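See below for the structure under consideration.
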């Protein structure tokens, strides 16, 4: 089944230069990826790997040195498309002298929302993020976790189709983290597309459908979380209703039913996203210039895709 492509990058590259035009830093090099409608996509990488640069390029806050980025089928440099996007930065730059209601009313005005709609939407979001009792307090009195919650509310004030979250669980306690992850999943269930960056790999593993791992500005891994974490070198089998003995152990696959056992599952065990991430980073350090190359699909264009990539090749 073909899927709508909400975000696509083609050979997206960003080079920072000094005052004299000399190359200072290649923040992003030839990035190619697609994000489909209605999925949660995780963008991972160490500090300085190009995650924030990618987000800024998609929002049109930076211009690419080479290549192109597309959001909703439009060039990422078109500012108009940002009306359909909600963005929560890692550090929310909110007006600290405003309270929660005033903050959401202010951002609602930026989207030219009618007064009654702003108020209704603000009340709903404040309740959703659990700040009803603190809605009259100035933001300067909020804890970091509370600021994170109101920051998420402002990112959703325009009921966006694409939600970009940069470190969404930063500053949250375990209960707040669980709440945030449940909310992200609920956004997907509403049909929204979520792009999230995070250093907390367990959070990404819990909620993301697909991920991309960046290192030193280059794409190192890309695909479905379930497939990337599968340990294909080992086979795992679980059964119930039968005790293990020497005969069964020797002929297990062939005669399991003969011993009255019931096969519950068989498949490849998985590793953790943390182990995968650390392995990719170490391999990248050992092999500079290594880059993930998505499979070529000439039937795919902006706005549609033949499906999730399952095969890939890498250059060394």
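The values are calculated or read from the model by the stated rules, or taken from the named source; none is laboratory data. Bear in mind the structure is a predicted one, so any value in this text is a computation, not a measurement. Every residue, glycine as well, gets a Cβ built from its backbone with ideal geometry; the counts of neighbours run over all protein chains shown.
What to note about this one:
- Here residue 96 meets the list (1) surrounded by 14 or more Cβ atoms within 10 Å (Cβ to Cβ); (2) in contact with a helix residue (DSSP H, G or I) (Cβ under 6 Å, 6 or more places away or on another chain); (3) assigned to a loop (DSSP other than H, G, I, E, B) almost entirely, failing just condition (1).
- Here residue 281 meets each of (1) in contact with a strand residue (DSSP E or B) (Cβ under 9 Å, 6 or more places away or on another chain); (2) modelled with pLDDT of 70 or more; (3) more than 19 Å from residue 225 (Cα to Cα) with one exception, condition (3).
- Subset tally (residues that are within 19 Å of residue 187 (Cα to Cα) and in a strand (DSSP E or B)) for segment 35-58: 6
- Residue within segment 76-89 that is surrounded by 14 or more Cβ atoms within 10 Å (Cβ to Cβ), free of Cβ contacts under 8 Å to residues at least 40 places away in the same chain and assigned to a helix (DSSP H, G or I) present: yes
- Against the test of being surrounded by 13 or more Cβ atoms within 10 Å (Cβ to Cβ), in contact (Cβ under 8 Å) with a residue 40 or more places away in the chain and not in a strand (DSSP E or B), the options 28, 62 yield a single qualifying residue, 62.
- If the condition is being touching a strand residue (DSSP E or B) at 6+ places or on another chain (Cβ under 6 Å) and surrounded by fewer than 12 Cβ atoms within 10 Å (Cβ to Cβ), then segment 103-155 contributes only 136.
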